[in-house]
Structure formats: structure tokens, C-alpha cells
Amino acid sequence: MFFKVFLRFNFEINKIKRMKRIILGVSFLALTLFATTSCTNKKASSLHPGTKSRTTGQAYAKKGKEGFQVTSFSGQPAGPNMVFIEGGRFTMGTLEEDVTYTRDNIERTVTVASFYMDETEIANIDYLEYLYAVGQDSTREFYQSALPDTTVWANEMSFNDQYVDQYLRYPGFRTYPVVGVSWVQANDYCKWRTNVVNSALYTKYGDTGAKKKGGLPFGKKKKGAESDALTAAPKTSGRLAIESGNVMPDFRLPTEAEWEYAAKSMIGTQYIDENQSNQRIYPWDGSAMRKSKGKAKGNMMANFKRGRGDYAGIAGKQNDKAIITEEVYSFQPNDFGLYNMAGNVNEWVYDLYRPNSYQDFNDLNPIRRSDYLDEAKNYDKEHFNSLIDNKKRVYKGGSWNDVAYWLSPGTRRYLDQDSSTATIGFRCAMISVGPKGKTKL
């Protein structure tokens, strides 16, 4: 009896095992069919366009073969020192009391497309690299025109001689923000940087059979050439075809809207869908200049002039760390990961200054490129009825020599594009093209 029960039990166990194997086999077959169907029905995208044309059914040519080729593309990589800024809607304008009564940045809602921006201001060491490059392969006149004005530190009633002589070139100031640079010089730096980065990409991805030479032709023109040498191609024969995807868009100064959007970094105030808990007067929460909580509670959030004659605080506890500028990675970054979007130095932006730009701006990617809709003749600078003309450019952010009012991203001032001071520097921006890449150069 016992033996019969044992045989029956063993039979049932084997039956269950066979059923399990059948179920697993069917499941595997279903998953395979699903995966195959999914791959077959996958829609084309910029990153995965497929091997055939969606509209003609013709196969794309393979590399090295004749015909229309579609290169592999994994998204635009972030440039060196660049941080991705996800675009969106924000309220552009000043949130501080308008103590100057200029009424030149009244609040309005605009949308800014995604872009990239330097996480820090351009430092002395970065600008010295640029000076070395143009010094190696440019005219003396262009090299001299690229030099920062170190006399911006000079003051008959202040002993700033050490900054005049040493601030730009002394190793101790290497990672301090470059100053004494005009809007025009900052734009020239952006053009040079574009050529250098794309030259490196050409060396990496270009024709490996071609001999790559160093050197950049900035400031140098061949006889009879009329084109601006700053926009000329490097000696490596230039940049790759734009279709290759291995070309960086141009470095440039950020627009006023981009700069203000990046400085406010409202992503840190979001909750539940598209709601925001608060606006921001500064690039951080709250109306105070000190950190409100955490281990660094009580520490200053930026480098600025705290009051008449007070640039740093008391020795032994210099809360804002610096009497003049400070290194570009000082203080905490904002929610986009950008350093010193308030304090340290003001920063040039692309826009021409007009007090009524807020009325004329487009509400998508606003910028003022020229005096369109607000001509310079309306201001009559020629007869000294105004200081405004077509050479006045906006700068923002506040500096080591400014009171806290100017650290609010919505405040704005202007200066002639050929002028420079010890309180204005710059950082670069770049458009974001298509899907965001996963790599960094």
C-alpha cells in the first residue's frame, strides 16, 4: 500500500514539473515575440533614426559607401565647464523695490529654451590661455586689443597698486574672475573658444589620414583677405560637417533672459506638477544674505559690500571670505549648479540696453539685438539729453563692490561695450540642440 502511494505521489510531482517547463517555455516565447514586435514597431527619433528612410523606404548608405548617410548620434555633449540649464517659463523682472526708479525691468512671463552655461565665471587662467594663443598666432595689434585693462584697479585715493600689477598674472589669482574686460573683448573670447573646441573635435573625429597642426589664425589675415580672422577656421581645416553631430554650437554671451533665468534657478522652489512655493529675490531662498540653516548657518551666500566701508567683515571671521573678488568656485552653487550668480563680479550679457525692453521683448527666448522698435535717435545722446546709444550693453549680478540690492537677478545696469571696470567679468553660454547628450567633452 505504502509503495503505491509513493508511486502516485512521485507521478504527481513529475506532472507538476512538466507543467512548469511548459509554462516557462510559453512565457519565453511570448516575451520573445513581444520584444521582436516592439523593435519592429519602434518609432524613429533623432537618436535612433533607423537604417531606412521613413518616407521612401530606401536604405541609408553605410559609412564609406556612396549615397545618403545618417551618422550615429548620441546627443549634444556638454562643453567644457558647461552646465545644462533646462528651459521653461519664469517671471522675468525685478522683485526688489525699485529704489532707482528706473522701471526698466517690470515683471512679465516669458519662456526660455534649454541651453548650456559656464558653471563659473571665466577666470584669469582661462583668459591667459586665450592671450597665449593669440600671442602665438596673431598680429601685435590684435594681441594688444585683447589685453584686459589692469588700470581699472588704479585709484588715486586708494592703495590698489598690488592689483594693478599682479591680479591678472600672479599665480595666486589664477582662479579669480578676470576683470577689466570689455563686452567686445568678451565676445572675441567666445569666438576663440568656439574655434578651439571645434578644432579639438576635428582632431578627434576628422580624417585620421590628415596631419593635424596646432595654431589658430586669430587676428591674422592673409593678403587681400577681408573676412574677420576671429571667425576664420583653424589650420586643421576647420570644423566637421554639421551633419556629423561632432560640432559644438558657438560659445557666446548669454542673453539677459537666459542669465536671469539661470540665476533665479526656480527649479529649487517646485512642488507637485508645475507649482512653485515662492519666488526668489536672490539665487537662493529667502530675503537674507546669510544661510538660514545647516552646518554653514549664518555664513554669507555671496561676496558683496555689506555697508559703507565694510567689504569683508572682521579679521578672524571674514564671513564673505574676500575683500575684493574671490575664487570662482567660492560659495555654494545655486540649484542649477552655477557658482557666483550673485556677487563676486557683475557679468556681461548679450543684450543692448533699452529701458523699455520689457515692453518690446518677444515672450519666447527674448533678446534685444539692436535698436529695432526703439531707435537710438529717440534718446538724443548727441545733444546730451541721454546716455543711451547703440553701444550700451547690459550687465547683471552685482559684485564685490556693490551693495546687496544689485545682487538680485532682476536688477540691471549698462555700460559702453568698449569700457571695462574692476567689477565686471563674464561667462559663456551655448544653445542646446536636440536631445541632451550623456557625455561631457
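The values are calculated or read from the model by the stated rules, or taken from the named source; none is laboratory data. For clarity, every value in this text was computed on a predicted model and none was experimentally measured. Every residue, glycine as well, gets a Cβ built from its backbone with ideal geometry; the counts of neighbours run over all protein chains shown.
Remarks
- Test for Ser370: is it among the hydroxyl-bearing types (Ser, Thr, Tyr), at pLDDT 90 or above, touching a strand residue (DSSP E or B) at 6+ places or on another chain (Cβ under 8 Å) and surrounded by fewer than 14 Cβ atoms within 10 Å (Cβ to Cβ): yes
- Under the condition of being in contact with a helix residue (DSSP H, G or I) (Cβ under 9 Å, 6 or more places away or on another chain), in a loop (DSSP other than H, G, I, E, B) and over 20 Å from Pro283 (Cα atoms), the residues counted in the range 307-352 number 1.
- Of the residues making up the range 218-246, those that are in contact with a helix residue (DSSP H, G or I) (Cβ under 6 Å, 6 or more places away or on another chain) and modelled with pLDDT of 65 or more are Arg239, Leu240, Asn246.
- Residues (surrounded by 19 or more Cβ atoms within 10 Å (Cβ to Cβ) and among the small types (Gly, Ala, Ser)) located in the range 94-128: Ala123
- Condition met for Phe68 (exposed (fewer than 14 other Cβ atoms within 10 Å of the Cβ), aromatic (Phe, Trp, Tyr) and either in contact with a helix residue (DSSP H, G or I) (Cβ under 7 Å, 6 or more places away or on another chain) or modelled with pLDDT of 85 or more (or both)): yes
- For the range 402-418, residues that are over 18 Å from Tyr101 (Cβ atoms) and hydrophobic (A, V, I, L, M, F, W, C) total 3.
- Per this entry, Val328 is counted among residues that are within 23 Å of the chain's Cα centre (by Cα), surrounded by 13 or more Cβ atoms within 10 Å (Cβ to Cβ) and either over 21 Å from Met266 (Cα atoms) or among the aromatic types (Phe, Trp, Tyr) (or both).
- So Asn303, is it assigned to a loop (DSSP other than H, G, I, E, B), among the polar types (S, T, N, Q) and surrounded by fewer than 21 Cβ atoms within 10 Å (Cβ to Cβ): no
- Selection within the range 360-401 - in contact (Cβ under 8 Å) with a residue 12 or more places away in the chain and part of a helix (DSSP H, G or I): Asp360, Ala376
- Within the range 261-269, not a single residue is touching a Gly at 6+ places or on another chain (Cβ under 8 Å), crowded, with 17+ Cβ neighbours inside 10 Å and not in a helix (DSSP H, G or I).
- Residue that is farther than 25 Å from Leu415 by Cα, surrounded by fewer than 17 Cβ atoms within 10 Å (Cβ to Cβ) and in contact (Cβ under 8 Å) with a residue 24 or more places away in the chain, where the choices are Tyr205, Tyr170: Tyr205
- Qualifying residue in the range 341-358 (condition: surrounded by fewer than 17 Cβ atoms within 10 Å (Cβ to Cβ), within 25 Å of Ala263 (Cβ to Cβ) and not aliphatic (A, V, I, L, M)): yes
- Count of the range 129-144 residues which are acidic (Asp, Glu) and more than 16 Å from Arg193 (Cβ to Cβ): 1
- Filter pass, Asp335 being acidic (Asp, Glu) and under 23 Å from the mean Cα position of the chain (by Cα): yes
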